Amino acid sequence: TKQEPKTGIRPRSAMSTAPVTPAPRHDFSLSVVIPTFREAHRLPRTLDEIIGYLDQRFREFEVLIVDDNSPDGTGEAVRAFSRDHPQVRLLTQPRRLGKGAALRRGCLEARGDYVLFMDADHATPIAEVEAFFPHLLGRTIGAVAGVRTYQEGGSRTRRIIGLLCHLL
């Protein structure tokens, strides 16, 4: 059975026709770090979705794309997108250094009060970030990590094996 996200987001078919109250805007700033390598084909859609959400929920935000020297035009796609969206910054690695180095660089260059990193495939919707804030705001917790335990369309066998490996 499909699990609904913990953020209260429901499938469109489950939504009422009552007027929607706009979500409150957060007073803190958020930096979203996305490491990329060969993501030119999917990044524009991901950025559209992320910017659309962040624009409505945050007074200040930035999206840092840290490209690991992609040969497919990922950097050019980001530069084109950022012309209309100045909140998007491109950081290009001098050579292929890997995902860990890209994440490190993005987190170190982030200017926001909080930093979120996510993958370019947007497998976890950006709205899931809302589940983290109650754990962070006004507390001394330094980090919150999200782990995807259910993926729509994933096989039951793969999920069970993944959960068993996680327990080891």
List the residues, sorted by chain then number, that are 5 or more residues from VAL63 or on another chain and whose placed amide H is less than 5 Å from its amide H. VAL32, VAL88, ARG89
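Taking the solvent-accessible surface of protein heavy atoms with a 1.4 Å probe, what is the per residue accessible area of the stretch 80-121 in Å²?
Normalised by residue count, the accessible surface of the stretch 80-121 is 66 Å².
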For the stretch 67-75, in residue order, the Karplus 3J(HN,Hα) values (coefficients 6.51, -1.76, 1.60; θ = phi - 60°; whole Hz; Gly and Pro = x) are 8, 8, 6, 5, x, 9, x, 4, x
Let me cross-check PHE61: its accessible surface, 1.4 Å probe, with only protein heavy atoms counted, in Å² to the nearest 10? 30 Å²
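Label the stretch 76-125 by shape, choosing from rounded, prolate and oblate, from the square roots a ≥ b ≥ c of the eigenvalues of the Cα gyration tensor; if a/c is under 1.5 it is rounded, and otherwise prolate applies when a/b is larger than b/c, oblate when it is not. Intermediate results must be reported in sequence, preceding the final value.
Details: a/c = 1.30, a/b = 1.13, b/c = 1.15.
Judged from the Cα gyration tensor, the stretch 76-125 comes out rounded (a/c under 1.5).
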Starting from the amide H of PHE58, placed 1.01 Å from N in the peptide plane, find each other amide H under 5 Å away whose residue is 5 or more places distant or on another chain. HIS26
Determine the gain in length on full extension of the stretch LYS99-GLU128; use 0.36 nm per residue of separation and subtract their C-alpha separation, reporting nm with one decimal. 8.2 nm
Per-peptide average of other Cβ atoms within 10 Å, ordering 117-124, 28-35 highest first: 28-35, 117-124
Of THR74, HIS85, LEU64, farthest towards positive along the dipole that unit charges on Lys, Arg, Asp, Glu beta carbons give the stretch 53-108: LEU64
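The values are calculated or read from the model by the stated rules, or taken from the named source; none is laboratory data. Given the structure is predicted, the values throughout are model-derived calculations rather than measurements. When we count neighbours, we look across all protein chains shown, and the Cβ atoms used for this are built from the backbone with ideal geometry, even at glycine. What goes into the accessible areas is simple: the full protein's heavy atoms, side chains included, and nothing from ligands, DNA or RNA. Shrake-Rupley method; radii C 1.70, N 1.55, O 1.52, S 1.80 Å.
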